[in-house]
Structure formats: structure tokens, C-alpha cells
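Remarks on the structure that follows.
We did not get these values from a lab; they are worked out from the coordinates using the rules stated. This one's a predicted model, so the numbers in the text were calculated from it and none came from an experiment. Using ideal geometry, Cβ is built from the backbone for each residue, glycine included, and neighbour counts are taken over all protein chains shown.
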Amino acid sequence: MTRLKSLGELEALRKSIIKGRDPNKTCITVCNGTGCHAQGCKNVTAAFQEEVKRQNLAGKVDIRISGCHGFCERGPLVVIKPADIFYQRVRVKDIPEILAETIGKGNIVSRLLYTNPKTGEKIVHENEVPFYQRQKRIIFGNNGLIDPTSIDDYFAVGGYAALRKALQMTPEQIIEEIKKSGLRGRGGAGFPTGNKWESTRRAKGDAKYIICNSDEGDPGAYMDRSLIEGNPHSVLEGMLIGAFAIGSHQGYIYIRNEYPLAVKNVRLAIQQMEDIGLLGKDILGSGFDFNIRVNRGGGAFVCGEETALLASLEGKPGEPRAKYIYPSERGLWGQPTNVNNVETWANIPLIISNGADWYSQIGTEGSKGTKIFALVGNITNTGLVEVPMGITLREIVYDIGGGIPKGRRFKAVQTGGPSGGMIPESLLDMPVDFDELTKAGSMMGSGGMIVMDEKTCMVDMARYYTSFLEGESCGKCVPCREGLQRMREILTNITIGKGKKGDIELLEELSATLVDAALCALGGTAPNPVMSTIRHFRDEYEAHIKEKRCPAGVCNIGKARAK
Amino acid sequence: MEVKEVKEKVARVLQKYRHDKSLLVDILQDIQAENGYLPREMLEEVSRGLDVPLSRVYSVATFFKAFSLKPRGRHLINVCLGTACHVRGADRVLGQIERELGIKKGENTPDLRFTLETVNCVGACALGPIVIIGEDYHGEMTPEKVSAVLKNYN
């Protein structure tokens with residue numbers, strides 16, 4: 001492919017791509033996200049391709065491998081465009097019938113449709129499924145429309161139009177626009193993105209770096225993976241705009257090695273950008289140079305913490321440092337460095353294309369835009385949901401998530417990953433945004449939302465998270481290394497019936513020490529699961545300690561007593 | 001492994017990453033993917049090739065959970081213990097695999113058929129509990145299914 005040399009050539013290319021496509025031609029999109037992969041979408045895709053060849057339908061229908069649609073519970077998902085017919089749990093044996101009936105005769109194969117469990121009604125179109133109806137998929141929506149391995153597909157849905165606009169703005173104007181949009185970092189802490197960019201731009205240094213933090217370590221959260229795997233160019237476009245605004249010429253993507261498909265897709269996307277001249281020297285004739293490199297992680301949760309990530313990027317063990325000086329002043333190799341999360345970067349092209357005013361209409365006073373959550377655990381509709389900030393937890397769990405399966409009762413929802421907190425039923429009508437979640441003793445985190453039913457023991461969950469964090473503590477500072485170990489021991493004792501009077505108070509004291517004295521965010525937030533369960537479910541702790549009884553029936557207290 | 005082979009294998013990986021010290025994790029990932037673990041001789045060769053102290057290479061190799069300094073079995077079993085899998089009973093699945101194979105997590109079977117490890121979320125939470133063997137994802141696992149699944153790997 002020839003390198004694009006100007007903004008005009010970029011626009012001409014997009015027009016020619018769109019012109020070459022027939023919007024009315026039938027296109028069968030097969031979700032190939034990791035969730036659907038685990039359910040066998042690879043064979044389904046291959047079978048479609050074979051069957052299309054066999055039935056000689058290539059002129060009539062296209063097969064498109066798409067990114068994650070989010071409704072992982074019902075995978076493999078197949079959507080037939082432009083009619084938008086939505087088939088779920090599609091197996092290889094269903095394919096000849098889909099082609100013969102739906103493509104050949106225009107009939108719906110009703111057994112593959114989604115059934116609304118409340119009304120028993122069969123639903124034909126993707127956007128009518130209750131799981132999608134309450135969502136606002138401005139970032140995630142394109143995943144289902146494009147093949148993540150095709151840069152042409154990205155161009156066809158308006159890709160790199162924001163870059164074109166940004167290159168005609170000044171860096172200061174771009175930063176002003178991001179500040180005005182109210183975008184806050186999606187990695188967890190919710191720091192205003194525009195301000196971070198501004199301080200990195202203003203900081204003095206020989207070089208400046210930007211980093212995409214794709215070390216999505218929170219168990220139960222996979223929205224970043226699905227974005228970078230399903231629509232890598234949207235993240236890369238955001239990075240390009242950010243680099244231009246900040247004045248950086250080198251970007252890094254730090255990504256978990258547990259996400260092989262995402263690594264593959266983002267590497268391919270970078271290659272495509274290099275080939276076409278969207279990376280490298282003098283991008284689109286603007287005089288701006290920029291390159292992106294991919295670094296894989298090694299399975300350490302703490303590397304999602306930005307200073308640990310930077311250490312790892314320098315080829316050292318991923319141990320954090322105290323942040324007296326922020327990475328925006330001294331980061332990678334001692335130079336000003338801007339670290340943003342995958343979802344944050346994916347927001348950038350939208351803000352630039354549509355303007356800060358459009359963006360800031362969505363959401364609440366202090367939290368603008370949408371947020372993608374991974375809705376998992378004891379929930380009927382497991383999957384990724386993108387909702388406007390300010391939606392209530394009840395709407396997410398019941399309207400979108402379909403409630404708790406097996407007729408059980410809701411007990412709690414855990415947000416913010418292992419160092420987030422448990423939110424009880426009494427707070428379900430709370431609007432979800434950065435500030436409200438913090439008030440409830442939890443946090444936004446990267447967006448994991450783990451629903452727990454009545455058969456989940458809160459003390460056991462606190463033990464689970466503490467033990468997870470103990471294992472992931474890098475061991476550099478004493479409060480985190482020793483404190484978590486002690487806390488895990490106490491919690492384990494409580495769950496096996498050896499809890500003592502005063503344990504709860506001791507846990508609270510240790511928690512307070514970690515909050516005050518731990519070096520990094522991992523240690524500082526590590527007591528959240530313990531503190532929030534004590535706050536909202538103190539009765540369960542007391543039942544374990546005083547009555548030697550696990551109300552949820554999870555802990556083996558009886559056995560310990562029999563011994 | 002012979003000295004010559006070690007040198008060649010390491011040189012190939014270092015070449016691919018242009019002897020860039022900051023890509024140490026990636027370099028070790030590739031070596032591990034090829035050999036199943038990180039042999040001592042290869043770590044020494046990496047240290048020489050990159051001009052990075054062996055202590056640094058060792059500390060990175062032992063810091064990250066993905067690396068193993070000991071040989072591993074032909075099939076790597078990763079039981080996901082992420083939260084979504086945990087609340088759906090992943091512990092019981094792990095316990096059954098441990099009993100079935102007679103090893104604990106982190107160990108190899110004596111015949112080097114399996115290595116048993118755990119992982120904290122692979123992001124396939126809809127299918128939890130998940131067990132990954134090699135590159136195959138086994139979803140909605142139960143203790144009862146363990147025996148039948150393991151039979152497929154020799």
C-alpha cells in the first residue's frame with residue numbers, strides 16, 4: 001500500500017473505500033472475541049466460509065469476522081446485516097440452515113433467536129434485546145461492525161477522521177477540548193485526562209512518552225481486552241491524537257500476555273498504520289513523527305500500577321515507587337510520561353470528532369461520558385455493557401443483566417476489582433459514577449462488576465481478595481507485604497471457625513495502617529474488600545466468630561469444629 | 001542442551017528484539033514459549049547478550065508469574081481463579097484436578113504429562129469456571145467433568 005502524504009489523501013482513501021462497498025449487500029458477522037472463541041466461534045466462522053463457497057453464495061453475501069459484541073453469555077453470536085438479525089449460541093450444524101433459510105429465502109430461524117426470559121417472546125433484532133436496549137454503546141458499538149484485522153473497515157465507519165481534525169488544531173486546542181469534555185481516566189483513579197496531558201506537555205524533558213496501559217489485571221474485568229482486540233485502531237487513533245497534543249514521538253502499549261488475541265490484533269494494526277503512513281515520520285505531511293511499540297507483561301497484577309508498569313517497561317522487575325513526583329514530570333527513563341488506560345484512549349477520537357459539548361451532555365456532573373463494565377459472576381446475562389455514567393446499579397444488574405439466576409437472591413456487587421468494595425442491596429439505587437462509588441466505600445476501578453448471590457459468603461470473599469492481593473504484593477513496602485499476610489491469616493481463621501473476639505477490630509486497625517502507609521495504590525486500596533464487607537456485612541463476620549456459623553453455607557466451619 | 005544450541009536459540013530471540021534491554025520480559029516470554037521454561041544456561045546467555053547483570057535477569061524471571069525456572073509438562077493446565085470463576089466454584093474444580101493428577105498447583109506430574117498452574121482471569125468470565133489446557137478453553141467446568149477433559153491430552 002502506498003503511504004498517505006496528506007490529509008486530503010486520507011479523505012480520498014476513505015471515500016474510495018466507502019464507495020467500493022454496497023451497504024445493501026448481506027453481511028454475516030461472526031463475533032470472534034475471546035469469549036466467543038472459548039465457545040467455538042472459530043469453527044463456526046470456518047463453516048460459514050466453507051458453506052458459502054459450497055452453495056456458491058460469495059457474490060451475494062460477505063462473511064465478516066468481528067470484534068466482541070459484549071453479550072458473551074450467548075456466544076457464539078452471529079448478526080446478519082443490514083437486516084440486523086441476531087442469532088445466538090450458533091453451532092456448526094446450524095450453518096447450512098442459516099444460509100438456506102435466512103440468506104436464501106429471507107426466513108428467520110426462530111430456534112436461534114434470543115428469547116426474552118421475562119415475556120417468553122422471541123427477539124429478531126440485536127438492538128431489541130433487553131441486554132442492549134439500556135446501553136449506550138458509543139465506544140464499544142463499532143466492535144460489532146468491523147473486522148479488527150481490517151484497517152479499511154475502520155476507515156469505513158469513520159476511522160481516523162478525528163485524527164484529520166486534530167492535525168488541523170493546535171496541541172493546546174486539543175488539550176482544551178479534552179479538558180472541556182470532562183473525561184476522567186478509565187483505569188480506575190478517575191484523574192482528569194486533559195489536565196494530565198497538559199502537565200506532561202508543559203513538563204521539561206529531552207523526550208516525552210505516552211503509554212497505553214493494557215495490563216488489565218483485575219480478575220473479572222475484560223473490557224480493555226475486548227476494545228483493543230475488537231477495535232484496535234480506535235485506541236491507536238486516540239494515542240496518535242494524544243501524542244500530537246502532548247508532543248511525544250514514542251508510544252508504548254503495555255499489554256498482558258494472557259490476552260494472546262489482543263496482542264496479535266494490535267500488532268497487526270500497528271503494522272497497517274506503518275504501511276499506510278499513519279505512523280513513522282512526517283505523518284500525513286504534518287511534520288509530526290510518532291511510533292508505537294508493544295510490550296508484553298509477565299502476569300503481575302501490580303504492573304497495572306503506573307510506576308510499576310514503567311519499571312517493567314525499562315526491563316526491570318515491576319515494583320512501584322513512591323509518587324512524590326508524578327510520571328507526567330519524571331516517568332519512563334526519567335522523562336515526562338503520560339499513562340492512560342485503553343478505554344480512555346478510545347474515548348479521545350469520539351471527543352475530537354463530535355466535540356466536547358456533545359460528549360459532556362452524557363453522564364453526571366462529575367463524571368462525563370459512558371463507562372464499559374464487565375458484568376460477571378452470579379448474573380443471568382454475563383457480558384460487557386457500556387452505559388452512561390449515572391445509571392443506577394439496579395438498572396445494570398436487573399434490566400441489562402437480567403437479574404440473578406437460579407431464583408436466588410441478590411447479595412452484593414463488587415466493583416473496582418480486588419481492591420474495590422462490596423456494595424449491598426440497600427445501595428442498589430445509587431447512581432454509578434466515580435464519586436458515588438467512592439462514597440459507598442468502593443471505587444470505579446477499571447470497571448469489573450461482580451455480582452454475588454445469597455450463596456456467596458462475604459467473609460470468604462474478603463479472604464479471597466486479600467489472599468489474591470497478598471500473592472500480588474510486590475513485597476517492597478512493609479505495610480503491604482506483612483499487613484496483607486496477617487489480614488489473610490485472621491480472615492482464614494474466621495472462615496474455619498477459629499475467629500476470636502477482637503478480630504474485627506484488629507482487621508480495621510491493620511486496614512487503616514495500609515491505607516496510610518503503603519507505598520502504592522495496590523497496598524493503599526487493598527483493605528477495601530475487608531473494610532467494605534465489615535461495613536455492610538458485619539453481621540456475617542459476627543455469625544462466623546460468635547456463633548461459629550457461615551450464613552451462606554460456604555465456609556467449612558462445621559468440619560473445623562468436628563476436628 | 002548443547003552450548004551451541006543454547007547460544008543459537010538465544011541469539012535468534014535477541015536478534016528479533018534488536019538486543020533491546022527494555023524488552024527483557026518479551027525476550028523471556030519468547031524463550032519460555034519455545035522451551036517450556038527458562039533454562040539457567042539460557043538466562044546466562046541472555047545476560048551476556050544484553051549486557052545486563054544476571055541478577056537483574058534472574059529478578060525479572062522470578063518476579064513475573066508467567067515464568068518458570070523448572071521444566072514443565074507437555075500440557076500446561078491453567079485453572080482460572082479469577083473472581084467470576086471463584087464465585088462459580090473454581091476452587092472445587094482445582095481441587096478435583098489436584099486429586100485426579102496427584103499433584104498440587106505449581107507442580108508437574110512425574111511423567112511430565114501435565115503442569116498445573118492457576119491464573120487470575122483470562123477474561124472469558126461468561127463461561128466460568130474456565131480451565132485452559134494448552135490453547136484450548138474448557139468452559140463451565142465442574143469437578144465431575146475433570147476426568148473426561150483430561151483424558152484428551154497425552
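Using the C-alpha gyration tensor of the stretch A:111-201, what are the square roots of 5 times its eigenvalues, in whole angstrom, with the largest one first?
Working: eigenvalues 271, 74, 20 Å².
Output for the stretch A:111-201: semi-axes of 37, 19, 10 Å.
More than 16 Å apart: what percent of Cα pairs in the stretch A:203-274 qualify? All intermediate terms of the calculation are to be shown ahead of the outcome.
Working: 1270 of 2556 pairs.
Everything past 16 Å amounts to 50 percent.
If one computes P(r) from the Cα atoms of the stretch A:427-563, what percent of pairs lie at distances over 24 Å? Let's see the in-between values first.
Details: 2932 of 9316 pairs.
Cα-Cα pairs of the stretch A:427-563 separated by over 24 Å account for 31 percent.
Specify the angular offset, from 0 to 90 degrees and rounded to the nearest 10, of the alpha carbon long axis of helix B:24-35 from the longest principal axis of the alpha carbons in chain B.
Taking Cα atoms only, the helix is inclined about 70 degrees.
With 18 Å as the limit, write out which pairs from A:42/A:264; A:411/A:546; A:136/A:368; B:70/B:104; A:455/A:500; A:60/A:81 have Cα-Cα distances beyond it, or answer none.
Listed pairs above 18 Å: A:411/A:546; A:455/A:500.
I want to check the label-to-label distance for residue B:152 and residue A:282. Put each point 7 Å from Cα in the C-beta direction and report it in nm to one decimal.
Going by the 7 Å Cα→Cβ label model, 5.5 nm.
Over chain A, what relative contact order in percent results from Cα pairs under 8 Å that are six or more residues apart?
Numbers: 1182 pairs, mean separation 75.1, N = 563.
It comes to 13 percent, rounded to a whole number.
Where does the Debye-calculated log10 I(q)/I(0) of the stretch A:156-223 sit at q = 0.16 Å⁻¹, using only Cα point scatterers of equal weight, no solvent?
Computed log10 I(q)/I(0) values: -0.77.
Can you give the log10 of the normalised intensity I(q)/I(0) at q = 0.14 Å⁻¹, computed with Debye over equal Cα scatterers of the stretch B:81-154?
-0.39
Given the options B:84, B:126, B:11, which has the most mean-square fluctuation in a GNM of chain B, springs set between C-alpha atoms less than 10 angstrom apart?
Its mean-square fluctuation being the largest, the pick is B:126.
What is the local net charge at residue A:47, summed over the other residues whose Cβ is closer than 12 Å to its Cβ (Lys, Arg +1; Asp, Glu -1)? Please list the in-between numbers first.
Details: positive: A:42, A:53, A:54, A:91, A:93; negative: A:50, A:51, A:94, A:97.
Cβ neighbours under 12 Å give a net charge of +1.
Beyond 13 Å, what share of the Cα-Cα pairs of the stretch A:81-152 is found? Please give it as a whole percent. Kindly include the intermediate steps, with their values, before the conclusion.
Details: 1845 of 2556 pairs.
Of the Cα pairs, 72 percent sit more than 13 Å apart.
Please give, to one decimal in nm, the separation of the simple spin-label points placed at residue B:4 and residue B:69, each 7 Å out from Cα toward the Cβ.
Simple spin-label model gives 3.0 nm for this pair.
Report the per residue volume, in Å³, of the convex hull enclosing the C-alpha atoms of chain B. Don't skip to the end; give the middle numbers.
Working: hull volume 18.3 nm³, N = 154.
Taking the convex hull of the Cα positions in chain B, it is 119 Å³ per residue.
Let me know the volume per residue of the alpha-carbon convex hull for the stretch A:460-512, in Å³. Don't skip to the end; give the middle numbers.
Working: hull volume 3.3 nm³, N = 53.
Spelled out: Cα convex hull of the stretch A:460-512, divided by residues, is 63 Å³.
So which trypsin sites (Lys or Arg not before Pro) in the stretch A:332-416 pass both tests, a DSSP loop state and at most 16 other Cβ atoms within 10 Å of the Cβ?
Values: sites: A:368, A:371, A:394, A:406, A:408, A:409, A:411; in loops: A:408, A:409.
Of the trypsin sites (Lys or Arg not before Pro), the ones in loops of the stretch A:332-416 whose Cβ has at most 16 other Cβ atoms within 10 Å are A:408, A:409.
Quick check on the stretch A:400-450: what does the Kirkwood estimate of hydrodynamic radius come out to from the alpha carbon pairs, in Å?
For the stretch A:400-450, inverting the mean 1/r across all distinct Cα pairs yields 11.4 Å.
Which ³J(HN,Hα) values in Hz, rounded to whole numbers, follow from the phi angles of the stretch A:89-94 under the Karplus curve 6.51 cos²θ - 1.76 cosθ + 1.60, where θ = phi - 60° and Gly and Pro get x?
So the Karplus estimates, Gly and Pro as x, are 6, 7, 10, 3, 5, 7 Hz.
Which residues does a label at residue B:54 reach in the stretch B:1-15, if reach means a backbone N under 19 Å from a point 7 Å past the Cα toward the Cβ?
It comes to B:1-11, nothing else.
Give me the percent relative contact order of chain B, please, defined on Cα pairs under 8 angstrom at least 6 residues apart.
Details: 216 pairs, mean separation 30.5, N = 154.
For chain B, the relative contact order is 20 percent.
Using alpha carbons only, how many degrees (0 to 90, rounded to 10) separate the axis of helix B:3-16 from the longest principal axis of chain B?
Helix B:3-16 and the main axis of chain B meet at about 80 degrees.
Would you mind checking the radius of gyration and Dmax of chain A based on alpha-carbon positions, in Å?
Reported Rg and Dmax, both Å: 24.6, 79.
In nanometres, what is the gap between the two model label sites at residue A:556 and residue B:33, each 7 Å from Cα along Cα-to-Cβ?
About 3.9 nm, to one decimal.
Label the stretch A:415-485 by shape, choosing from rounded, prolate and oblate, from the square roots a ≥ b ≥ c of the eigenvalues of the Cα gyration tensor; if a/c is under 1.5 it is rounded, and otherwise prolate applies when a/b is larger than b/c, oblate when it is not.
On the way: a/c = 2.65, a/b = 1.57, b/c = 1.68.
Since a/c reaches 1.5 but b/c is at least a/b, the shape of the stretch A:415-485 is classed as oblate.
If you line up the long axis of helix B:90-101 against the longest principal axis of chain B, both from Cα atoms, how many degrees apart are they, to the nearest 10?
Computed tilt is about 80 degrees.
Could you work out the Kirkwood radius for the stretch A:279-372, taking every pair of different alpha carbons, averaging 1/r and inverting it, reported in Å? It would help to have the intermediate numbers written out before the result.
Values: mean 1/r = 0.0624 Å⁻¹.
Across the stretch A:279-372, the inverse of the average 1/r is 16.0 Å.
To the nearest 0.05, what FRET efficiency results for residue A:111 and residue A:157 with a Förster distance of 30 Å applied to their C-beta separation?
Values: r = 32 Å, r/R0 = 1.05.
Efficiency for this residue pair is about 0.45.
Just from the alpha-carbon atoms, what are the Rg and Dmax of the stretch A:9-116 in angstroms?
14.6, 48
With a cut-off of 8 Å between alpha carbons and a minimum separation of six or more residues, what is the relative contact order of the stretch A:313-407 in percent? Write down the numbers at each step before the final one.
On the way: 93 pairs, mean separation 14.7, N = 95.
Relative contact order comes out at 15 percent.
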